[in-house]
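What follows is one structure encoded as structure tokens, with my remarks underneath.
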Amino acid sequence: MTEWWRDAVIYQIYPRSFQDDNGDGIGDLRGITRRLDHVAALGVDAIWLSPIFTSPMKDMGYDVSDYTDIDPLFGTLADFDAMVARAHDLGLKVIIDQVISHTSDKHPWFEESRQSRSNPKADWYVWADPNPDGTPPTNWPSVFGGPAWEWEPRRRQYYLHNFLIQQPDLNFHHRPVQDALLDTMRFWLDRGVDGFRLDTVNYYFHDDKLRDNPPNPDADGPETYGYQQHIHSKNRPENIGFLKRLRALTDEYDARMMVGEVGDGGDTAIRIMAEYTEGSDRLHMCYSFEMLGPAFTARHFRHVIEGVQKGAPDGHSCWSFSNHDVPRHVTRWGDHALNRDDLAKQAAAMLLSFPGSVCLYQGEELGQTETELVYAELTDPPALRFWPEVKGRDGCRTPMVWDADAPNAGFSSAKPWLPVKEPQAARAVATQEAGNDSVLSGYRATLAHRKATPALRWGATRFLDLPEPLLAFRRDHDGQTVTCIFNLSKTPAVVQAAGCTLIGPGHASLSGDVLNLPANGFAWLDGAPDLTV
Ligand code: NOJ
Ligand code: CA
């Protein structure tokens, strides 16, 4: 099927932390290849690899200095080909991370561009003169703190960096930049990758009139980034034209897909997700951070899904609860649960019942929790800069745990780049393989149930009006209806459900017409029974 991605479950691998093969304490491609059986045995459809390209690693690979080679830390192009071949043998598609909004400051394009105002790459980045008093050209802030502009004395100009100073933004208004980036993506398509995750897809363009962003009246939180409405530094309408060029490129190949990361929040993120996926000539799918934050209410999940569906009735989304940028959801939502395993299993059931595709983040199939780190263990730039107010992203990036009895839980024979701590090691794969009731077996059962239930994969979605903390919706496909219900709290709930039959591996019980949902309980019901409380 060419649209394999529409209901795909994509397993995100964070290469630095999956499996170290050569004993330097950092995960690598050979390590991934060795562990792909675990991924395939879950019953997922694809893997997404966070960046593996040549990089000074200032932002752990999201600062690329060569788009068409592998960083030696991770291996070689031959290792990559071997990994892709093994994944394909196991029936897994391979999605790689394209970080094209910015490069590393060590990319040869930037090294050349920064030399003068007249060199062949002079317009490849976003350069601007200072204001008459020497201050930066606009008020735009960097996501990682401080202004988004850095001074370059050789040109006597500022350059734009939406993220780190070492991540200069490419100038998408300059056509040769677009062409060069499309060429680098063609390189990987020709090499056999099945798709791309597009980093910060809504940051590609800036306002070429360099207008200031207006203030955000709802500003809160410790970061200056939240103080503005980012209408000129990103989210530009010009971006649609480039998304169409990207789609034209992937459409030249068979069954490839792109999922764009929309870096924004609230209704803006929902609007952009819809705008970027509407019709069939833009992105295949988008995801945003709407389900990666603290909100854990029925109202919130319903608002996000309905918002995207209204904005792009034909568009497709990809949902996730955890990734390499946010605290792991079992910890983040821990206050809504009595028991972390129950929360982990409920989250899996919910995520895998939502319409669209899904990204699982390595370790979430173990119910993995956020690792608590001390300052000396940190590597993430925003945390190093703003600790302790900003905790950073290291706590969700600690190594995958395979075997609690092996050194570093089987991740590496050397000291890992981030520590493996006892609470995380206790959730190792080998330990959970041994137990029937583990989170890992819950994930496998839920994934198998989804695969066997067409309504959960492709069904139209209609939410039911039940009071908090109950989230309920129906999925309909080709004469099959499944009703999904979740108790998003630590208090048991009772629902009147005449004539209902439980299906799949739920966490609920029926007595007569009464459906009992324990703390973090969930159920899939056959058909469309009336539900009342
Ligand atoms: C989003 C990525 O997920 C994050 O890890 C990275 O720091 C920024 N984009 C900048 O590339
Ligand atoms: Ca290694």
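Name the residue that is surrounded by the most Cβ atoms within 10 Å (Cβ to Cβ), counting only residues in region 182-221 that are in a loop (DSSP other than H, G, I, E, B) and of a type in the set (Ser, Thr, Tyr). Talk me through it step by step, then tell me what you get.
Taking region 182-221 as the starting set, the residues that turn out to be in a loop (DSSP other than H, G, I, E, B) are 192-194, 199-200, 204-214, 216-221.
Then keep just the ones that are of a type in the set (Ser, Thr, Tyr); that gives 200, 204.
Numbers: Thr200: 22, Tyr204: 26.
The qualifying residue surrounded by the most Cβ atoms within 10 Å (Cβ to Cβ) is Tyr204.
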Grab the helices (runs of 4 or more DSSP H) fully contained in region 266-348, keeping just those with 1 or more residues being modelled with pLDDT under 95 and among the polar types (S, T, N, Q).
266-277, 298-311
Being hydroxyl-bearing (Ser, Thr, Tyr), modelled with pLDDT of 95 or more and within 30 Å of Leu243 (Cα to Cα), is that true of even one residue in region 30-45?
no
Spot the failing condition for Glu433; the list is (1) surrounded by fewer than 22 Cβ atoms within 10 Å (Cβ to Cβ); (2) touching a residue at least 60 places away in the same chain (Cβ under 8 Å); (3) within 27 Å of Asp341 (Cβ to Cβ), and only one is missed.
(2)
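Take the residues of region 1-24 that are part of a loop (DSSP other than H, G, I, E, B), open to solvent by less than 30 Å² (accessible area, probe 1.4 Å) and more than 14 Å from ligand 1 (Cβ to nearest atom): which is nearest to His316 (Cα to Cα)?
Ala8
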List every residue pair whose Cβ atoms lie under 6 Å apart, where the two residues are 6 or more positions apart in sequence or sit on different chains, the first residue falls within region 408-426 and is farther than 19 Å from Arg340 by Cα and assigned to a helix (DSSP H, G or I), and the second residue, located anywhere, is modelled with pLDDT of 95 or more and of a type in the set (Gly, Ala, Ser).
Ala409/Ala425; Ala409/Ala428
Report, ordered by the first and then the second residue, all pairs with beta carbons closer than 9 Å, sequence separation of six or more or different chains, a first member in region 203-225 that is of a type in the set (Gly, Ala, Ser), and a second member that is surrounded by 13 or more Cβ atoms within 10 Å (Cβ to Cβ).
Ala219/Gly226; Ala219/Tyr227; Ala219/Gln228
So which residues in region 7-28 are of a type in the set (A, V, I, L, M) and more than 9 Å from ligand 2 (Cβ to nearest atom)?
Ala8, Val9, Ile10, Ile13
Tell me the residue from Leu77, Leu49, Leu92 that is touching a strand residue (DSSP E or B) at 6+ places or on another chain (Cβ under 7 Å), within 16 Å of ligand 1 (Cβ to nearest atom) and not β-branched (Val, Ile, Thr), please.
Leu49
Among the residues of region 222-254, write down those that are under 14 Å from Thr138 (Cβ atoms) and part of a loop (DSSP other than H, G, I, E, B).
Gln229, His230, Ile231, His232, Ser233, Lys234, Arg236
Residue satisfying condition, being in contact with an Asp or Glu (Cβ under 9 Å, 6 or more places away or on another chain), crowded, with 20+ Cβ neighbours inside 10 Å and under 22 Å from Leu181 (Cβ atoms), within set Gly27, Gly61, Gly31
Gly61
With a cut-off of at least 2 residues that are over 22 Å from Asn323 (Cβ atoms) and not polar (S, T, N, Q), name the strands (runs of 3 or more DSSP E) lying wholly within region 28-146.
66-70
Pairs only if they're at least six apart or on different chains, beta carbon under 8 angstrom, first in region 349-361 and surrounded by fewer than 24 Cβ atoms within 10 Å (Cβ to Cβ), second at pLDDT 95 or above and of a type in the set (Val, Ile, Thr); list them, first residue then second.
Leu351/Val358; Leu352/Val9; Leu352/Val358; Leu352/Thr446; Phe354/Ile305; Phe354/Thr461; Pro355/Ile305; Pro355/Thr461
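The values are calculated or read from the model by the stated rules, or taken from the named source; none is laboratory data. Remember, it's a predicted structure, so these values are computed and weren't measured experimentally. When we count neighbours, we look across all protein chains shown, and the Cβ atoms used for this are built from the backbone with ideal geometry, even at glycine. The protein model used for the area step is the full one, side chains on, heavy atoms only, and it has no ligands, DNA or RNA in it. Shrake-Rupley method; radii C 1.70, N 1.55, O 1.52, S 1.80 Å.
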